[in-house]
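**Student:** My questions will all concern the structure given below.
A short reminder: the numbers here are calculations on the coordinates, not readings from a lab. It should be emphasised that the depicted structure is a prediction, and the values quoted were computed from it without experimental measurement. For neighbour counting, all protein chains shown are included, and Cβ atoms are generated from backbone atoms with ideal geometry for every residue, glycine included.
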Amino acid sequence: MARDDMTEATVTEQAIPKVPTLPDAQTVTHVKHWTDRLFSFRCTRPASLRFRSGEFVMIGLMGDTGRPLLRAYSIASPSWDEELEFYSIKVQDGPLTSRLQHLAVGDEIILRPKPVGTLVHDALLPGKRIWFFATGTGFAPFASLLRDPQTYEDYDEVIITHTCREVGELAYGAELIDGIRKDELLNELIGADNLSKLRYYPTTTREESPRMGRITDRMRSGEVFTDLGVEPISPENDRAMVCGNLAFNLEIKELLEGYGLREGANSDPKEYVVEKAFVD
Ligand code: A2P
């Protein structure tokens, strides 16, 4: 009798699903909307999470079916930061971002604490100058790397290019660069004003700004090198990390290969690395 009861209890327990709770939950601490298409947010960081600046993790929300809806997001904060930051597009009919864009302080997100990615210093051979090429939300991994002291310790010069459709879409990056220039600790490594190791090169393609056009076209014409007063890219001096939309990544890859740079990986460091920016 007792035995039968036990069996029944066990069967019942297995048949009823557990009350859904968010696995790997982290709490949102800050949200900022930059344009009607872009926002960033910060959340708590799991105590056990160690990552290399430039890596991404899977984050998301619980889906309607009770299964987590997760996407790969570059961590935009540097590895020393006690919180985590993410920079996201809002796609109105995107499965995740249509919901993620409504996040408010105190909400929970799911964050799988398994960082991976190729936009890391370990995937590049030593060089003199590093180029970060971004379009749109592809700026995110560089928001992390640009705030990492190692970037300035490893290179004499750091150039970040950011191409967006409209001026408003440059705001997240522009504000971040401004913050870096005002940061006392980073400033010691970077240097001030015209002696600065950090060069910022934003361009827009669909709205008037001081520098118009795709970065790829400005590389082909040589304008970017003239504007910055640097030699054209060479495998001896230059290293590059690329993060943007698919067409952009392919075009930049071709250009970089044309300059003689080879694609590297964590296990096989070379002269450049590429990763796709988030797509919902
Ligand atoms: P464009 O306006 O000429 O398409 P998106 O918001 O669509 O991801 O694009 C972000 C930026 O990347 C836009 O300024 C866009 O320019 C630019 N872009 C798109 N494709 C390429 C490419 N193949 N090479 C360089 N830039 C590109």
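**Student:** Restricting to lysines 8 or more places apart or on different chains, can you count the pairs in the chain with Cα atoms under 28 Å from each other?
**Tutor:** Qualifying lysine pairs in the chain: 22.
**Student:** Here's a follow-up. Can you run phi through the Karplus equation (6.51, -1.76, 1.60; θ = phi - 60°) for segment 122-133 and list ³J(HN,Hα) in whole Hz, with x for Gly and Pro?
**Tutor:** So the Karplus estimates, Gly and Pro as x, are 4, 8, 10, 6, x, x, 8, 10, 10, 9, 10, 10 Hz.
**Student:** So if we plug the beta-carbon distance of Ser209 and Ser48 into 1/(1 + (r/R0)^6) with R0 = 45 Å, what FRET efficiency do we get, rounded to 0.05?
**Tutor:** Result of the calculation: an efficiency of 0.60.
**Student:** Let me ask you something else. Relative contact order of segment 160-208: what whole-number percent is it, with Cα pairs under 8 angstrom and at least 6 residues apart? Walk me through the numbers before you get to the answer.
**Tutor:** Numbers: 46 pairs, mean separation 30.4, N = 49.
The value is 62 percent.
**Student:** Still on this structure, please answer the following. In segment 104-132, which residues have a backbone nitrogen under 15 Å from the label point lying 7 Å from Glu231's Cα in the Cα-to-Cβ direction?
**Tutor:** 127-130
**Student:** Determine, from the Cβ-Cβ distance of Lys276 and Asp156 and an R0 of 41 Å, the FRET efficiency 1/(1 + (r/R0)^6), rounded to the nearest 0.05.
**Tutor:** Values: r = 29 Å, r/R0 = 0.71.
Between Lys276 and Asp156 the formula returns 0.90.
**Student:** In a shell of Cβ-Cβ distance under 15 Å around Val120, excluding Val120 itself, what net charge do Lys and Arg (+1) and Asp and Glu (-1) give?
**Tutor:** Values: positive: Arg50, Arg52, Lys114, Arg147, Arg239, Lys270; negative: Glu55, Asp122, Asp148, Glu153, Asp154, Glu263, Asp268, Glu271, Glu275.
Charge balance in the 15 Å sphere: -3.
**Student:** Helix 2-15 sits at what angle to the longest principal axis of the chain, using alpha carbons and giving 0 to 90 degrees rounded to 10?
**Tutor:** Tilt of helix 2-15: around 30 degrees.
**Student:** Another question, if that's okay. What shape does segment 121-274 have by the C-alpha gyration tensor, where a ≥ b ≥ c are the square roots of the eigenvalues, rounded means a/c under 1.5, and otherwise prolate means a/b greater than b/c and oblate the rest?
**Tutor:** Details: a/c = 1.43, a/b = 1.02, b/c = 1.40.
Here segment 121-274 falls in the rounded category.
**Student:** Connecting C-alpha atoms closer than 10 Å in a GNM of the chain, tell me which of Phe86, Phe225, Phe51 has the biggest fluctuation.
**Tutor:** Ranking Phe86, Phe225, Phe51 by mean-square fluctuation puts Phe225 first.
**Student:** Does segment 34-103 come out rounded, prolate or oblate, given a ≥ b ≥ c as the square roots of the eigenvalues of its C-alpha gyration tensor, rounded meaning a/c under 1.5 and, failing that, prolate meaning a/b above b/c?
**Tutor:** On the way: a/c = 2.28, a/b = 1.42, b/c = 1.61.
Oblate is the answer for segment 34-103, as a/c is 1.5 or above yet b/c matches or exceeds a/b.
**Student:** Where the centroid of each part is defined by its Cα atoms, how far is segment 176-229 from segment 30-89 in Å?
**Tutor:** Comparing the Cα centres of segment 176-229 and segment 30-89, I get a distance of 26 Å.
**Student:** Taking every DSSP beta bridge that has both residues in segment 121-274, what percent is antiparallel when rounded to the nearest 5? Before the final figure, lay out the partial values.
**Tutor:** On the way: 1 of 27 bridges.
In segment 121-274, DSSP labels about 5 percent of beta bridges as antiparallel.
**Student:** Cα gyration tensor of the chain, axes a ≥ b ≥ c as square roots of the eigenvalues: rounded (a/c below 1.5), prolate (a/b > b/c) or oblate?
**Tutor:** Numbers: a/c = 2.22, a/b = 2.01, b/c = 1.10.
Verdict is prolate for the chain.
**Student:** Restricting to Cα pairs below 8 Å that are 6+ residues apart, what does the relative contact order work out to for the chain? Please round to a whole percent. Write down the numbers at each step before the final one.
**Tutor:** Details: 552 pairs, mean separation 53.2, N = 280.
Computed value for the chain: 19 percent relative contact order.
**Student:** Can you tell me how much longer the chain between Ala25 and Glu257 gets when fully stretched, taken as 0.36 nm per residue apart minus their C-alpha distance, in nm with one decimal? Walk me through the numbers on the way to the answer.
**Tutor:** Details: separation 232, 0.36 × 232 = 83.52 nm, distance 4.18 nm.
The span from Ala25 to Glu257 would gain 79.3 nm if fully extended.
**Student:** Report the FRET efficiency, 1/(1 + (r/R0)^6), for Leu195 and Glu82, where r is their Cβ-Cβ distance and R0 is 25 Å, rounded to 0.05. Walk me through the numbers on the way to the answer.
**Tutor:** Working: r = 31 Å, r/R0 = 1.23.
According to the calculation, E is roughly 0.20.
**Student:** Taking the Cβ of Asp148 as the center, what net charge do the other residues with Cβ under 11 Å away carry, scoring Lys and Arg +1 and Asp and Glu -1?
**Tutor:** Combined, the nearby Lys, Arg, Asp and Glu give -1.
**Student:** Using θ = phi - 60° and the Karplus form 6.51 cos²θ - 1.76 cosθ + 1.60, what ³J(HN,Hα) does each residue of segment 171-178 get, whole Hz, x for Gly and Pro?
**Tutor:** Those phi angles translate into 4, 4, x, 4, 5, 5, 4, 4 Hz.
**Student:** Continuing with this model, one more query. For segment 199-213, what does the Karplus curve 6.51 cos²θ - 1.76 cosθ + 1.60, with θ = phi - 60°, yield as ³J(HN,Hα) per residue in whole Hz, taken in order and with x for Gly and Pro?
**Tutor:** Values, residue by residue: 10, 10, 10, x, 9, 10, 10, 10, 9, 4, 8, x, 10, 9, x Hz.
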